[in-house]
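> So that we are looking at the same thing, I have put the structure below in structure tokens.
Computed from the coordinates by the stated procedures, all read-outs in this text should not be read as laboratory data. Quick caveat, the model's predicted, so the values are computed rather than measured. A quick note on method: Cβ atoms are made from the backbone with ideal geometry, for glycine too, and the neighbour counts reach across all protein chains shown.
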Amino acid sequence: MDSIFYFNAKKDCSGHRYDVLCAYLGDKGWQDSTSFYAALEKALKSSDTLPDCIVVYVPTVRLRDCFLYWENKELHNSFTNRLSKKNVCYTKSLFFVELAGEKFNVHPRHTIKNTSLEINDYDAKRFYSFGLSKLADESPRMA
């Protein structure tokens, strides 16, 4: 299986339905800040829409690297510029979710623009389960 896997999910909150792009970044698909952002851009290009929110799942052993790469200002700005169309920023938040064994730990939000959208550990687990189910449905059937 590819160590990068992405899918779209939905979150209903306060009478609004939000589009959420979820990206699982395994520990082999990105080794530096350039490949980290390339993985995020690949997920973004595959998205059905410009999402309201991005949720990035990373193994515990790569979480520190993820935060370090996110701080690369040049690549960060280039990536966040892709989240807008005609000077309107559609993606307002990005959340990192640590995969710690069977636990999903949502780390503080990286706000791109003011929003009230929040996700919790339950949301992260629900999105992830939905994505795995979608992956299983799309996989070729074995005889």
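> Would you be able to tell me the number of residues in the range 75-92 that are assigned to a loop (DSSP other than H, G, I, E, B), touching a residue at least 24 places away in the same chain (Cβ under 8 Å) and farther than 22 Å from Gly29 by Cβ?
Number of matching residues: 2.
> Which one is farthest from Val106 (Cα to Cα), of the residues in the range 52-74 that are among the aromatic types (Phe, Trp, Tyr) and assigned to a helix (DSSP H, G or I)?
Tyr69
> Considering only residues that are in a loop (DSSP other than H, G, I, E, B) and of a type in the set (Ser, Thr, Tyr), look in the range 1-51 and name the one that is nearest to the chain's Cα centre (by Cα).
Going through the qualifying residues, I end up with Ser47.
> Let me ask you something else. Do you know which of the residues in the range 72-92 that are surrounded by 10 or more Cβ atoms within 10 Å (Cβ to Cβ) and of a type in the set (Lys, Arg) is farthest from the chain's Cα centre (by Cα)?
Arg82
> Among the residues of the range 39-53, are any touching a Leu at 6+ places or on another chain (Cβ under 8 Å) and farther than 23 Å from Leu132 by Cα?
No; the residues of the range 39-53 include none that is touching a Leu at 6+ places or on another chain (Cβ under 8 Å) and farther than 23 Å from Leu132 by Cα.
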